[in-house]
Structures are given as structure tokens and as C-alpha cells.
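Down below is the structure, laid out as C-alpha cells.
The values are calculated or read from the model by the stated rules, or taken from the named source; none is laboratory data. Given the structure is predicted, the values throughout are model-derived calculations rather than measurements. Here the Cβ is made from the backbone with ideal geometry for all residues, glycine too, and neighbour counts use every protein chain on show.
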Amino acid sequence: MLSLYLFVITLNLSCAQDFENKVITPENVPFMAELFIDELQIPWGFAFLPDSSVLITEKSGELIHFSNGKKLIIGNTPEVYQRGQGGLLDVKLHPNYGENGWLYLSYTSEEGDAKGGNTAIMRAKLKDNALVENQLLYKAGPNTTKGQHFGSRITFDREGYLYFSVGDRGARDDNPQDVTRDCGKIYRLMDDGSVPKDNPFVGKDGAKTAIYSYGHRNPQGLITHPGTGEIWDHEHGPRGGDEINIIKKGANFGWPLITYGINYSGTRITEKKEMEGMEQPLHYWVPSIAPSGMAFVTSNKYTDWKGSLLVGSLAFQYLERLVMDGTKVISREKLMEGEGRVRDVREGPDGLIYVAIEGKGIYKLVPKND
Amino acid sequence: MKILIPIYLIAVVFSSVFLFQDSELKESMKRGREIYTDFCVTCHLQKGEGVAYTFPPLARSDYLMNEKRESIKAIKYGLQGEITVNGITYNSAMADLGLEDEEVADVMNYISNSWGNTSDSIVTEKEVASIQK
């Protein structure tokens, strides 16, 4: 018995994380989910304007402005390459939107000579229900007809740098580990699209100088930590091995040389889970929840939720709450089970949580009065 | 003998048509397999087993076998609304995948002839093109 006990202890100590796969469904939740914006197909991203109206990207290519209970389709939006996971993807406002009016969009674009498409980042201003002053800031290459892994989440850090993700575009052996190629990367730009002089690969022969970190698979969560100002991402693993990472300048996050996942066919991609010079995730999911959308709770609206990390699950169709202690995941909860594929989650200017669900719309989590 | 020669010729023509169709199907399935790995596997999984109540199965799916036209339409344009597959109701959305007609035909041939599924007729690009929203 004692030896079994010791064995269990050793096993626990040897694990990279304590709560592998353990997710609980709470009996009581501190909210009621209320459908706030209905009849959306695939609301990929959304952002609150200063007047509390909402901009929503539909993957199909429509940019919707939801104001006073009505939906308006915004004109002059970019032509999107509609294929597989591609389309009109994220939307994010400039940190000084109130002064400069810049909004940022990610989408898949056919721009360039080769057949297919790849991830593009643009900025524009909103005027009379149309985009104006459209500027293409970055277009990843080369184009490919592969349907997967566009990445596409956008965030700004406290100094105003623009960060965005581009997935490996289904070419894991070519792209993520090669900094002379796009895809499988997190990028950092100035808000006007120029490359910061101190980006990690500036001056490196042949490198794409917009790259900030590499070795990523498909990050569909990218946010700035409200307390530390660090950039956090989550990314889809293959079968198993979805990860949460803290992004570091010039760092290699290992894909596909190290992973906690395996191929969909069940065969191994690599035996290695760690390697010298490569970053370890802060958390990994086995099996894959297929994470999309990411938000920290900063308000006191929901009992003890402040500081928790919220992540949408496409595969298992729920909203996950990760109770955090700094960079450590303490426990995990399943919320809104069975409502549908959770594509995005954000905290609104009112401190409430908003959740975008495919085929449904955007839900507001109305706090329950205790 | 006189009657044997035409029979022989007919047999040769038939079997060569059959063999030709067979290799055509194999080629189409091969391309379809690639499309499947790219666009479908994340939800419908490696053996077409799907996830009960969430992503309908393709393997031994009565819907796929009996509703060929609707299945092609779903792959071509995406699918919204309720469907019943093997007695279970599904009501989530499948996005428009943006596939070309030939790719729809290829992946249709792959899923209709894999994991215990069999289909007597090959889906062609022309057939896919004729199906409208």
C-alpha cells in the first residue's frame, strides 16, 4: 500500500501539470446566459465600440454593426478567400480608438500570384456604415489551397504594438520552424504596419522580420494579460496537445518537433514533448478541446471569477473557465455545455462576459443576484 | 462460335468500362482522402465516426447513403438546420467549405466508399455542378 502511495506521489511529481484532463461541471453558476445578438452563423470575432454597439465578423465575409437592437451590414469590407477555416476572421479596435478611429481586421486573402490564399491583416475606419481608408498591413505568403490553420487573432500590448497569429497553413514541416517563411508564427508590428526595429529577427538573413515568435501550430486565442501585460496565446494541437503559452520575443514554441498531441490517425508525430531551446506550454489539453477565443475576467461581476481565464471549446461545445494562480492552472470548469461551438469570448466594457456561439449568436452572461 | 464472339466482345467492353470506372474511382478517392484530411477530419474524425449528438458520423451513415443529393449539397454549400443520422438528431452548423466541384466529387467518393460504406455510382464533377443551393 505504501509503495502504491509513493508510486502515485512520484507519478504526480513527474507530470508537467497536476490537473491533466480533469474538468468539472459546477452545480451552480453565477450567471444566466441571455441571447444578446441572435441569428449569427459563425461569429468569428467581435468588438465593442465606445457607444457600446458591437462589431461582429461573420466568417462568410460580412462585417456586422449591431446597434440599438439592429444589425447593419458594413460596406467596403475586404474580399475574403472563402475556403475551409478561412474567411473574415478577427476584429480588434486600436487602444486609442476613441482618438484615431482605427479598427483592425484579419481575413484570408487571395492577394498575390499563386493560387489559394493566406492570412492578411488590415486596418480601416468606420464611416457611414462603410469602411474607409482601408490599408493592408500584412499578407502572409505563399498562397495555398489548404483549408486549415489561418490563426488570425489580434491583440495590442500596453506599449501599443500590434500582435497577430498565423497558423501553419497545413504545412507543418515547412513553415513553423523556418523564420524565413510565414505561417506558424506570432507577429509584432507597429500600429501602422511597419516593423519595429527591435523585432527579434531584424537583421537576420532572409528572415521575415515581422515575426515575434515561431514554432506555433494554429493559435486562435491571443490576448494581453490584464495584470502583467504579457501576451498569452492558446493554440490548437493535433489530436491532443492544445496549449496555452506565454509569448516571448524570439522564442521557439516547438511545433512540430515537440508536442503533447498525436496525428488524427493515431500515429505519432514525434516522441518528444520537450527539447532544449524550446518553450513548454503553461497548460495543455488532452484530449483536444479545440480552443477558440480567450478572455481574462477582470471585473467583480461573477463572485470569485476575477482573474479566471475563459476559453471557448469548438470540439466539445462549451465555455471553459480556468481558475488561475499566476501562471498555474488550479482547476477547470465546463460552462454553457451543449449550447454549440464556442467561437469567441470577450469581456465587455460593462464588465460582463459575452460569448459567441456558432449557429446561435452572442450570449451575455447576466450575473445572478445572490 | 458465331454467337460466342459478340458475347466475348461485349464482355471485354463491359469489363474494360468497369475497370476504367474502378481506376477512376480509386484516383478520385485518393484525391478525396487528401481533401478529407484537410477539411473534414477535425470534426468527423479519422474513421468517419463523428461525435454522437455533435458531429454526425459518415461511417455507415444512413443519411449519407440515402440522401446523396443532400449530402453533396451540404459539402458544396454548408449545412444549417436539423438532420437525423442513424436515429440521432443533429442541429449544429457546417460551414461552407469553399471547395471546387471536382473536390466535392472526390471527397464524396472517398467518404461513400470508406469505413464500411459502399456506393454503386461514382460522383462526377458534372453531377456536383448541376446541384444548386
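Being at pLDDT below 95 and within 19 Å of the chain's Cα centre (by Cα) is the filter; apply it to the stretch A:330-370 and report the residue that is surrounded by the fewest Cβ atoms within 10 Å (Cβ to Cβ).
Per the stated criteria, the residue is A:G340.
Take the residues in the stretch B:82-105 that are of a type in the set (D, E, K, R) and within 13 Å of another protein chain (Cβ to nearest Cβ), then tell me which one is farthest from B:C43 (Cα to Cα).
B:E102
To keep it simple, each residue is scored yes or no on (1) within 14 Å of chain B (Cβ to nearest Cβ); (2) among the aliphatic types (A, V, I, L, M).
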site	(1), (2)
A:T327	no, no
A:E333	no, no
A:V342	yes, yes
A:V355	no, yes
A:E358	yes, no
A:K368	no, no
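I'm checking my understanding of the structure. Among residues of the stretch A:59-83 that are of a type in the set (D, E, K, R) and surrounded by 19 or more Cβ atoms within 10 Å (Cβ to Cβ), which one is farthest from the other protein chains (Cβ to nearest Cβ)?
A:K59
Scan the stretch B:43-62 and tell me whether some residue there is surrounded by 17 or more Cβ atoms within 10 Å (Cβ to Cβ), part of a helix (DSSP H, G or I) and of a type outside the set (A, V, I, L, M).
Yes - at least one qualifying residue is present in the stretch B:43-62.
Tell me, which strands (runs of 3 or more DSSP E) wholly within the stretch A:106-177 include 2 or more residues that are at pLDDT below 95? If you could, list the steps in order and put the result at the bottom.
Numbers: elements: A:118-127, A:130-139, A:154-156, A:162-166.
Strands (runs of 3 or more DSSP E) meeting the threshold: none at all.
Taking A:D192, is it assigned to a loop (DSSP other than H, G, I, E, B), within 23 Å of A:E274 (Cα to Cα) and not polar (S, T, N, Q)? First the steps, then the outcome.
Values: assigned to a loop (DSSP other than H, G, I, E, B): yes; within 23 Å of A:E274 (Cα to Cα): no; not polar (S, T, N, Q): yes.
So A:D192 does not fit the description; no.
Which of the residues spanning the stretch A:261-283 are outside any loop (DSSP other than H, G, I, E, B) and at pLDDT 95 or above?
The answer is A:H283, and nothing else.
Do you know which residues across the stretch A:157-184 are touching an Asp or Glu at 6+ places or on another chain (Cβ under 9 Å), touching a residue at least 40 places away in the same chain (Cβ under 8 Å) and either under 23 Å from B:T37 (Cβ atoms) or among the hydroxyl-bearing types (S, T, Y) (or both)?
Within the stretch A:157-184, the first condition is being touching an Asp or Glu at 6+ places or on another chain (Cβ under 9 Å), and the residues that meet it are A:157, A:160-170, A:174-176, A:180-181, A:183-184.
Remaining after also requiring touching a residue at least 40 places away in the same chain (Cβ under 8 Å): A:157, A:160, A:162-169, A:176, A:183-184.
Selection gives A:Y163, A:S165, A:V166, A:G167, A:D168, A:R169, A:P176, A:C183, A:G184.
How many residues does the stretch B:40-54 contain that are over 17 Å from B:V107 (Cβ atoms), facing another protein chain (nearest Cβ under 8 Å) and among the aliphatic types (A, V, I, L, M)?
1
For B:G78, work out the one condition from (1) more than 14 Å from chain A (Cβ to nearest Cβ); (2) touching a Leu at 6+ places or on another chain (Cβ under 9 Å) it doesn't fulfil.
B:G78 satisfies all of (1) more than 14 Å from chain A (Cβ to nearest Cβ); (2) touching a Leu at 6+ places or on another chain (Cβ under 9 Å) except (1).
Looking at the stretch A:250-260, can you tell me whether even one residue there is of a type in the set (S, T, N, Q), exposed (fewer than 15 other Cβ atoms within 10 Å of the Cβ) and assigned to a loop (DSSP other than H, G, I, E, B)?
The answer is no, given that none of the residues of the stretch A:250-260 is of a type in the set (S, T, N, Q), exposed (fewer than 15 other Cβ atoms within 10 Å of the Cβ) and assigned to a loop (DSSP other than H, G, I, E, B).
Please work out which residue is farthest from the chain's Cα centre (by Cα), limiting yourself to the stretch A:145-198 and to residues that are within 19 Å of A:H216 (Cα to Cα), within 14 Å of another protein chain (Cβ to nearest Cβ) and not basic (K, R).
So the residue we want is A:A171.
If the requirement is being of a type in the set (G, A, S), within 14 Å of chain B (Cβ to nearest Cβ) and within 20 Å of the chain's Cα centre (by Cα), which of these qualifies: A:G86, A:G45?
So the residue among A:G86, A:G45 that is of a type in the set (G, A, S), within 14 Å of chain B (Cβ to nearest Cβ) and within 20 Å of the chain's Cα centre (by Cα) is A:G86.
Being touching a residue at least 40 places away in the same chain (Cβ under 8 Å), of a type in the set (G, A, S) and out of contact with any Gly (no Cβ under 7 Å at 6 or more places or on another chain): is that true of A:G277 here?
On the way: touching a residue at least 40 places away in the same chain (Cβ under 8 Å): no; of a type in the set (G, A, S): yes; out of contact with any Gly (no Cβ under 7 Å at 6 or more places or on another chain): yes.
No.
Quick check on my filter: what residues within the stretch B:89-133 are hydroxyl-bearing (S, T, Y) and surrounded by 16 or more Cβ atoms within 10 Å (Cβ to Cβ)?
Scanning the stretch B:89-133 gives B:Y90, B:S92, B:Y110, B:S112, B:S114, B:T124.
Here is a check on your reading of the model: is B:G32 out of contact with any strand residue (DSSP E or B) (no Cβ under 8 Å at 6 or more places or on another chain), closer than 30 Å to A:E339 by Cα, touching a residue at least 60 places away in the same chain (Cβ under 8 Å) and buried (at least 20 other Cβ atoms within 10 Å of the Cβ)?
So B:G32 fails the test.
Among the numbered criteria (1) touching a residue at least 24 places away in the same chain (Cβ under 8 Å); (2) more than 14 Å from every other protein chain (Cβ to nearest Cβ); (3) not small (G, A, S), which single criterion is violated by B:E67?
(1)
Is it fair to say A:H225 is more than 22 Å from A:A47 (Cβ to Cβ), under 14 Å from the mean Cα position of the chain (by Cα) and in contact (Cβ under 8 Å) with a residue 40 or more places away in the chain?
Spelling it out, it is not the case that A:H225 is more than 22 Å from A:A47 (Cβ to Cβ), under 14 Å from the mean Cα position of the chain (by Cα) and in contact (Cβ under 8 Å) with a residue 40 or more places away in the chain.
Does the stretch A:303-329 hold any residues that are modelled with pLDDT of 95 or more, under 17 Å from B:C43 (Cβ atoms) and among the polar types (S, T, N, Q), and which are they?
Hit for the stretch A:303-329 is A:S313, nothing else.
For the stretch A:303-325, give me each residue that is out of contact with any Gly (no Cβ under 9 Å at 6 or more places or on another chain), away from chain B (no Cβ under 14 Å) and not aromatic (F, W, Y).
Passing the criteria: A:T303, A:D304, A:K306, A:S308, A:L309, A:R321, A:L322.
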